[in-house]
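The structure under discussion appears below in the form of structure tokens.
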Amino acid sequence: MGKITLTGVPATMLQTVYARAQETQKQNHKIVDEKAVDLVSRLDYDFSLAQKDKAMSSGVIARTLVLDRMVKQYLQKYPDAVVINIACGLDTRCYRVQGCSHWYNLDLPEVMALREKLLPEDGVISQISASAMDARWTNGIAADGKSVLVIMEGLTMYLNESDVKQIFTIIAAHFQDVAVFVETMLPFIVKTVKEKSIEGSHAKFIWGVRDGKTLAALLPEFSFVEEHSLVEGMEIIAPVYKVIGKLPAVRNLSNRIIVLKRRQSHI
């Protein structure tokens, strides 16, 4: 691979894949992602900021633990579901989690050009090169009446509210039986927290939402189901969070994975 020149939000995928690779190589690792290890070994990129950014790394691993569990549980309930991973970057969940009828990875053209070189996919895994705010990306997806699970991990905090609403409008217009697992950040965190590796990529947190019910109130086509704090993942990484994670000041400030469903769908 030549030297990677991605900047801005697309470059953040390099920080997250590095975090998963580093965790996998620890003796007491909490996740195993050999694909990430292989990817990092093949990328010509300066990971020094990611290596120093312990907060970012811990957040990525906590998020991975929570989302992997949630997706596995969903696919146990709906084994023929179609999964759509929006803003997939170099995510490797499609290899770690089995059981869907088809998995679609979606991201911007410059991101997918890199992914296609590193992770050529076929069979039950497809790649879509498009913006999530361009409704045409749905044309390549065959749901055929199956349950649809949309994953939006590490995306909404880099968008503005109107962009987030547009993505959900597109989802609701094209899929009847659909659930969305979406990661969100608190407005307070958006304004005050700086992650060195993210800032180094020239990406910036823009938008946040207080909780799942507040998000659902912005999206008339969707209803709130539940939400999970990333503290649930931190409890696995550092057992002390089983105690301090009960404190509202800790648990409520964490990013959340919010579960929404399209109204009149069954989940």
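So what is the calculated 222 nm ellipticity per residue for the chain, using -39500 (n - 2.57) for each DSSP H run with n of 4 or more, over all residues, to the nearest 500 deg cm²/dmol?
Dividing the helical sum by the residues of the chain leaves -11500 deg cm²/dmol.
Over 30 Å between Cα atoms, which of K26/K117; K77/K191; K54/K191 qualify?
Long pairs (Cα-Cα over 30 Å): K77/K191.
Could I have the simple spin-label model distance between Q51 and A217, label points 7 Å from Cα toward Cβ, reported in nm to one decimal?
My value for the distance between the label points is 4.6 nm.
Over what distance in Å are the Cα centres of the range 99-141 and the range 55-98 separated?
Distance between centres, Cα-based: 15 Å.
Just to be sure I understand the curve: with the Debye formula and one point per C-alpha of the chain, what is log10 I(q)/I(0) at q = 0.10, 0.11, 0.14 Å⁻¹?
-0.47, -0.58, -0.99
Report, largest value first, the span of the C-alpha coordinates of the range 18-176 along each principal axis, in whole Å.
Taking the Cα atoms of the range 18-176, the three principal extents are 44, 33, 29 Å.
Looking at the chain, what % of its DSSP beta bridges pair antiparallel, to the nearest 5?
40 percent
Excluding residues fewer than 8 places away in the same chain, name every one of the lysines whose C-alpha is closer than 18 Å to that of K165.
In chain and number order, the partners are K213, K261.
How much FRET efficiency would the formula 1/(1 + (r/R0)^6) give for S41 and Q264, where r is the Cβ-Cβ distance and R0 is 35 Å, rounded to 0.05?
The calculated FRET efficiency here is 0.15.
FYI, it's all coordinate maths here, none of it is from the lab. As the structure is a prediction and not an experimental result, all values here were calculated from the model. FYI the Cβ positions are ideal-geometry reconstructions off the backbone, even for glycines, and counts take in every protein chain you see.
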